[in-house]
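The values are calculated or read from the model by the stated rules, or taken from the named source; none is laboratory data. The model shown is predicted, which means the values in this text are computed figures rather than measured ones. Neighbour counts run over all protein chains shown; Cβ positions are idealised from the backbone, glycine included. For accessibility, only protein heavy atoms count, side chains too; no ligands or nucleic acids. Shrake-Rupley method; radii C 1.70, N 1.55, O 1.52, S 1.80 Å.
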Amino acid sequence: KCSSEEWRRVSGKTAAMIFQDSGSMMDPIRTIGEQFIEYIQTHDSMGAKEAAAQAQDMLARMHLSNPANVMKSFPFELSGGMRQRVGVAMAMFFKPALLLADEPTTALDVTIQAQVITLIKDLQKKVNTSLLLITHDLGIVAEICDDVAIMYAGRVVECSDIVQLYSRPMHPYTQGLFDA
């Protein structure tokens, strides 16, 4: 078990997380900018002005139109896709070695889902981040993963590279996922 201080040293710079609904991790009574700046300053000694400029730049890289307005917005003023992009921006800000993504596109429509997956893939490649994706969506798995572990009832029942999994699923549960 890690202390808060130990976890703070690891989170953000070494490992980061994209949640299923990034909006639920945000404080509804504080602006995106306040939260993003606080996140940066929690993990870096950067001043508030520089943190704000870099946060806004990161939001622009997420293809959010008018990042200055996003910084002034409250989470409830943004769409689900916009909140998820803010979550990706925060998670990738420090270029972590490991990115954990728990169903990062579940609540999004298909178009926004594809955009968020593309952003994650592009950022992952640019900063050489390892990605651990947790999802039930085998379409996303096919698009973004190299290797796959299928879990059933809390246990790994099949591990393989993506090509083998799609050409010859071995476990009945894996076959059931494909049939669904």
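Exposure here means at most 15 other Cβ atoms within 10 Å; with trypsin sites (Lys or Arg not before Pro) in a DSSP loop as sites, the longest stretch of the chain lacking them is 31-180. Full extension of the chain between Gln41 and Lys126 gives 28.3 nm of extra length, using 0.36 nm per residue less the Cα-Cα distance. Please name whichever of Ala97, Phe178, Tyr166 sits farthest to the positive end of the charge dipole of the chain, dipole taken about the Cα centre and charges placed at Cβ: Lys and Arg +1, Asp and Glu -1. Of the listed residues, the answer is Ala97.
Distance between the modelled labels on Trp7 and Ala68, one decimal in nanometres: 3.7 nm (7 Å Cα→Cβ projection). What accessible area, in Å² to the nearest ten, does a 1.4 Å probe give for Tyr166? Here the accessible area works out near 90 Å². Diffusion of the chain by Stokes-Einstein, at 20 °C in a medium of 1.002 mPa s and with Rh set to the Kirkwood radius over alpha-carbon pairs, works out to 123 µm²/s. Surface composition of the stretch 49-152: carbon and sulfur atoms hold 53% of the protein heavy-atom accessible area at a 1.4 Å probe. Basic side chains Lys and Arg get +1 at the Cβ, acidic Asp and Glu get -1 at the Cβ, and with that the dipole of the stretch 1-64 about its Cα centre reaches some 140 debye. Taking all protein chains into account, the per residue accessible area for the chain stands at 57 Å² (1.4 Å probe). Ordered from largest to smallest accessible area (heavy atoms of protein chains, 1.4 Å probe), the residues Phe93, Phe36 come out as Phe93, Phe36.
The convex hull defined by the C-alpha atoms of the stretch 120-180 has an orientation-averaged projected area of 4.3 nm². Put a plus charge on the Cβ of each Lys and Arg, a minus charge on the Cβ of each Asp and Glu, and nothing anywhere else: the dipole of the stretch 113-158 about its Cα centre is then about 160 debye. Using +1 at the C-beta of Lys and Arg and -1 at the C-beta of Asp and Glu, which of Leu133, Gln20, Pro67 has the Cα lying farthest in the positive direction of the dipole of the chain? Toward the positive end, the furthest listed residue is Pro67.
Of Thr105, Thr135, Thr111, Thr118, the residue with the largest accessible area leads and the full order is Thr111, Thr118, Thr135, Thr105 (1.4 Å probe). Each DSSP beta bridge with both residues in the stretch 21-176 is either parallel or antiparallel, and the antiparallel ones are about 55%.
In whole Å, what is the distance between the alpha-carbon centres of the stretch 5-83 and the stretch 89-138? Answer, in whole Å: 15.
Taking a ≥ b ≥ c as the square roots of the eigenvalues of the Cα gyration tensor, the stretch 26-131 is oblate, since a/c reaches 1.5 or more and a/b is not larger than b/c.
For Cα pairs less than 8 Å apart in space and 6+ apart in sequence, what is the mean separation divided by the residue count of the chain, i.e. the relative contact order in percent? Here the relative contact order equals 22 percent. Within the assembled protein chains, the solvent-accessible surface assigned to Val141 is about 10 Å², based on a 1.4 Å probe.
Per-residue SASA remark: Val157, around 50 Å² accessible (1.4 Å probe; ligands, DNA and RNA not included). Computed about the Cα centre, the dipole magnitude for the chain is approximately 420 debye when only Lys and Arg (+1) and Asp and Glu (-1) carry charge, each at its Cβ.
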